[in-house]
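Visitor: Can you keep this structure in mind? I'll have questions shortly.
The values are calculated or read from the model by the stated rules, or taken from the named source; none is laboratory data. Quick caveat, the model's predicted, so the values are computed rather than measured. Counting neighbours? That spans all protein chains shown, and the Cβs are built from the backbone with ideal geometry, glycine included.
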Amino acid sequence: MTTETMEARQTMDSVDFGANVSAVFGWEPSKGNLLRLQLGDVFFKGKSDPVFTVINAGCDLMFTPESVSTSRPPKPSNTVYLLPGQFRDTKDCPPKGLTTGLIKFDKTWKCIVWDSKKVVAIPHDHVERYLRGNGYRHELRLRTARAIELQQQVFHGASRIGLEVQPPLCEGLTLRLIVRTAEEFVILDDQITEGAVRFHTPKLSVVVFKPEAISTVCALLLSAIEDESDSKSTIGRIVKAESLLRDNAAQLAKTPMAEPKSDKPQSIRPAKGFSGCKLDNVGVISWQGQAIGAGWNHNLAAVIGIEENK
């Protein structure tokens, strides 16, 4: 080890790193007494006030007064973990969750319900200031076995590792509008590129319509009846189809459609767990520009065809 390295290490050792960290968050060194704490120590005030118990490992809280020995000096800036809870009557204590039953509080037996999601961490030298200084009493201690159980349950939940989940792959799809005239189904020349999005997941693929694409489909439907030669029945069917689409546009845009595994033209329906829209005379099919009309329901006024982008 070089002289420079030794000097740098001595400089770091001479700095109270914990105190520097505490100062960043406003925890200035306290001149109060350093309380002797153990795992399971309980701080309480009134029956309706929060209760706190210490959940640090017992060995991390031990220190020896410097007047006795310097082998284990106090470390005022070390963190003390406090688990908050609430006193409850024993008859109101829930059967599940983090609870401590039958603890005597002012000559009355109570239970404590703990909240593992709100652990408080403060420097050791501030425990007296914030708890005793606010009227909290330090007179109870949980049984060691129960305190260790609480400690393990809390830190197990706090230290879970969240694994990254890959988002579904997505790609744009083209929409084509197919309208039934008096005699046959006719594919309109207009197409809506990127009118829908396909999401690939490990279990299935779903198609979701873009809201603006549905508005475009409605406009195309109305433009399809501009030919005065269309029969009144054809016009009526198309107008009804446009009205249904417009009224259900928001719901349709929020409804993922389960894409069939086959490439053949076929109807597609809402994915499992989603209810469909009431589009009585409008169909939705997976279509790749193949033959149309064969076997289709002739009560349909229009069909929205979904195909790959070209």
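Visitor: Any idea how many residues of the stretch 69-81 are assigned to a loop (DSSP other than H, G, I, E, B) and of a type in the set (A, V, I, L, M, F, W, C)?
Guide: Result for the stretch 69-81: 0.
Visitor: Here's a follow-up. Looking only at the stretch 188-207, how many residues end up being over 17 Å from SER267 (Cβ atoms) and either within 35 Å of the chain's Cα centre (by Cα) or among the aliphatic types (A, V, I, L, M) (or both)?
Guide: 11
Visitor: Could I ask something else about it? Please enumerate the residues belonging to the stretch 105-125 that are of a type outside the set (D, E, K, R) and either surrounded by 20 or more Cβ atoms within 10 Å (Cβ to Cβ) or within 17 Å of LYS47 (Cβ to Cβ) (or both).
Guide: Result: PHE105, THR108, TRP109, CYS111, ILE112, VAL113, TRP114, PRO123, HIS124.
Visitor: Taking SER233, is it at negative phi, at pLDDT below 75 and not hydrophobic (A, V, I, L, M, F, W, C)?
Guide: The answer is no for SER233.
Visitor: Which one is nearest to ILE122 (Cα to Cα), of the residues in the stretch 52-68 that are part of a loop (DSSP other than H, G, I, E, B) and of a type in the set (Val, Ile, Thr)?
Guide: Only one residue fits best here, namely ILE55.
Visitor: Sticking with this structure for a sec: For LYS75, indicate whether it is closer than 22 Å to GLN151 by Cβ, touching a Gly at 6+ places or on another chain (Cβ under 9 Å) and assigned by TED's automatic domain parsing to the domain that holds GLN151.
Guide: yes
Visitor: With respect to the numbered conditions (1) on the phi < 0 side of the Ramachandran plot; (2) not in a loop (DSSP other than H, G, I, E, B), which one is the sole condition not fulfilled by GLU194?
Guide: (1)
Visitor: Which is surrounded by 15 or more Cβ atoms within 10 Å (Cβ to Cβ) and assigned by TED's automatic domain parsing to the domain that holds GLN153, of LEU102, LEU83?
Guide: Testing whether each residue is surrounded by 15 or more Cβ atoms within 10 Å (Cβ to Cβ) and assigned by TED's automatic domain parsing to the domain that holds GLN153 leaves just LEU83.
Visitor: Also: Give just the number: which of (1) without any contact (Cβ under 8 Å) to a residue 60 or more places away in the chain; (2) of a type outside the set (Val, Ile, Thr); (3) in the same structural domain as PRO50 (by TED's automatic domain parsing) does ARG141 not satisfy?
Guide: Here ARG141 meets the rest and fails (1).
Visitor: Output the residues belonging to the stretch 44-80 that are surrounded by 16 or more Cβ atoms within 10 Å (Cβ to Cβ) and under 14 Å from LEU131 (Cβ atoms).
Guide: PHE44, PRO50, VAL51, PHE52, THR53, VAL54, VAL80
Visitor: Filter the stretch 161-195 down to the residues that are among the hydroxyl-bearing types (Ser, Thr, Tyr) and at pLDDT below 85 and list them by number.
Guide: THR181
Visitor: Can you find, within the stretch 197-230, the residue that is modelled with the lowest pLDDT among those that are over 24 Å from PHE274 (Cβ atoms) and part of a loop (DSSP other than H, G, I, E, B)?
Guide: GLU228
Visitor: Looking at ARG36 and the list (1) assigned to a loop (DSSP other than H, G, I, E, B); (2) under 20 Å from ARG143 (Cβ atoms); (3) in contact with a strand residue (DSSP E or B) (Cβ under 8 Å, 6 or more places away or on another chain), which single condition is not satisfied?
Guide: If we test ARG36 against (1) assigned to a loop (DSSP other than H, G, I, E, B); (2) under 20 Å from ARG143 (Cβ atoms); (3) in contact with a strand residue (DSSP E or B) (Cβ under 8 Å, 6 or more places away or on another chain), just (3) comes out false.
Visitor: If a residue must be surrounded by fewer than 17 Cβ atoms within 10 Å (Cβ to Cβ), closer than 30 Å to ALA301 by Cα and in contact with a Ser or Thr (Cβ under 8 Å, 6 or more places away or on another chain), how many such residues does the stretch 163-180 contain?
Guide: Result for the stretch 163-180: 1.
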